[in-house]
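Remarks on the structure that follows.
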Ligand code: FES
Ligand SMILES: [Fe+2]
């Protein structure tokens with residue numbers, strides 16, 4: 001069985017296009033996104049990926065550095081991924097122009113004669129900053145034709161709390177716009193319906209919940225709390241450590257949900273990102289690390305895959321409905337996190353447009369109540 005829960009999905013959920021007008025894709029540029037798993041790039045292999053509707057070609061130099069170029073030759077646009085990579089330069093398959101993989105600077109145009117004055121080293125293929133963290137190749141996505149900010153922020157990395165730990169990765173594609181993927185990820189009310197399973201919880205365990213939220217830069221936090229008493233794994237953890245269990249959940253723009261669980265010296269840390277591939281397709285990348293001795297990787301993966309598949313099946317069904325452009329609702333309090341997400345996104349875009357500071361949609365701590 002493949003390691004990732006992967007399904008290739010059709011473009012059925014495509015956003016309705018008005019004739020003659022390309023609708024805004026609603027992507028957040030100038031952030032890091034995970035493109036592929038680190039282990040996918042080895043040897044002189046070129047690997048393709050798409051982020052925010054930008055086709056990329058990725059690889060690793062013989063020195064071990066990951067790189068990401070636009071998968072398009074600046075000469076005639078043929079994908080560079082059809083070309084040849086020698087560990088340092090990518091050679092285009094059409095006329096053999098060669099580009100340094102890390103800088104994307106052209107280093108050779110074979111057709112030039114001794115008379116030609118063309119400055120080869122002034123020609124660049126498109127390329128993006130690229131860094132590896134937590135087993136992913138992250139790519140910083142600035143829009144084509146824009147300059148990189150002077151200080152590109154560090155790529156995200158998963159918080160871990162001891163030297164030794166287990167780590168595992170899961171992925172799953174959703175036939176939806178990234179916004180639907182994200183609000184699905186932070187939606188507290190679907191659990192008892194979508195994730196019914198003997199090991200987690202049933203529809204009958206629904207009860208009223210009250211959670212504190214607070215603003216954090218670019219996002220919001222579900223303040224540290226003792227997790228749901230109707231979830232068996234938390235009960236087990238409490239029994240084993242004999243100490244209280246606290247969970248903190250953060251959502252941070254552009255697309256990240258981070259969860260930390262601590263009980264005594266035991267910890268569990270996870271991150272889910274929802275990355276836009278195209279406007280009608282996104283991908284959840286989920287990474288979890290922990291030092292809980294009683295939780296083997298295979299067991300966690302079994303549960304994790306079940307969870308992701310349940311979400312994926314739901315989103316596939318939702319995409320069926322969204323084809324017909326229905327009117328939707330966000331209700332209080334269960335959909336308040338979704339409202340904050342849309343407000344954070346709008347406020348960020350507004351602050352980038354005006355150059356003024358970003359206004360946070362929350363003015364202080366808020367208590368939300370829902371049943372789940
Ligand atoms: S299209 Fe790439 S070298 Fe001509
Ligand atoms: Fe879910």
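Summary table below
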item: Sole residue being surrounded by 14 or more Cβ atoms within 10 Å (Cβ to Cβ), touching a residue at least 24 places away in the same chain (Cβ under 8 Å) and within 16 Å of ligand 1 (Cβ to nearest atom), chosen from 191, 126, 135; result: 126
item: Some residue of region 301-320 being at pLDDT 95 or above, within 15 Å of ligand 2 (Cβ to nearest atom) and loosely packed, with under 13 Cβ neighbours inside 10 Å; result: yes
item: Of the criteria (1) within 16 Å of ligand 2 (Cβ to nearest atom); (2) under 29 Å from residue 54 (Cβ atoms); (3) assigned to a loop (DSSP other than H, G, I, E, B), which one residue 227 fails; result: (2)
item: Any chance residue 365 is modelled with pLDDT of 95 or more and farther than 22 Å from residue 254 by Cβ; result: yes
item: Test for residue 216: is it in contact with a strand residue (DSSP E or B) (Cβ under 7 Å, 6 or more places away or on another chain), more than 16 Å from ligand 2 (Cβ to nearest atom) and without any contact (Cβ under 8 Å) to a residue 40 or more places away in the chain; result: yes
item: Residue in region 60-89 that is nearest to ligand 2 (Cβ to nearest atom), counting only those that are more than 17 Å from residue 106 (Cβ to Cβ) and in contact with a helix residue (DSSP H, G or I) (Cβ under 9 Å, 6 or more places away or on another chain); result: 66
item: Count of region 176-202 residues which are more than 24 Å from residue 137 (Cβ to Cβ), in a loop (DSSP other than H, G, I, E, B) and either modelled with pLDDT of 95 or more or within 11 Å of ligand 2 (Cβ to nearest atom) (or both); result: 7
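Per-residue answers, yes or no, for (1) in a helix (DSSP H, G or I); (2) touching a helix residue (DSSP H, G or I) at 6+ places or on another chain (Cβ under 8 Å):
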site	(1), (2)
334	no, no
340	yes, no
348	yes, no
357	no, yes
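The values are calculated or read from the model by the stated rules, or taken from the named source; none is laboratory data. Every value quoted in this text rests on a predicted model; they were computed, and no experiment measured them. Using ideal geometry, Cβ is built from the backbone for each residue, glycine included, and neighbour counts are taken over all protein chains shown.
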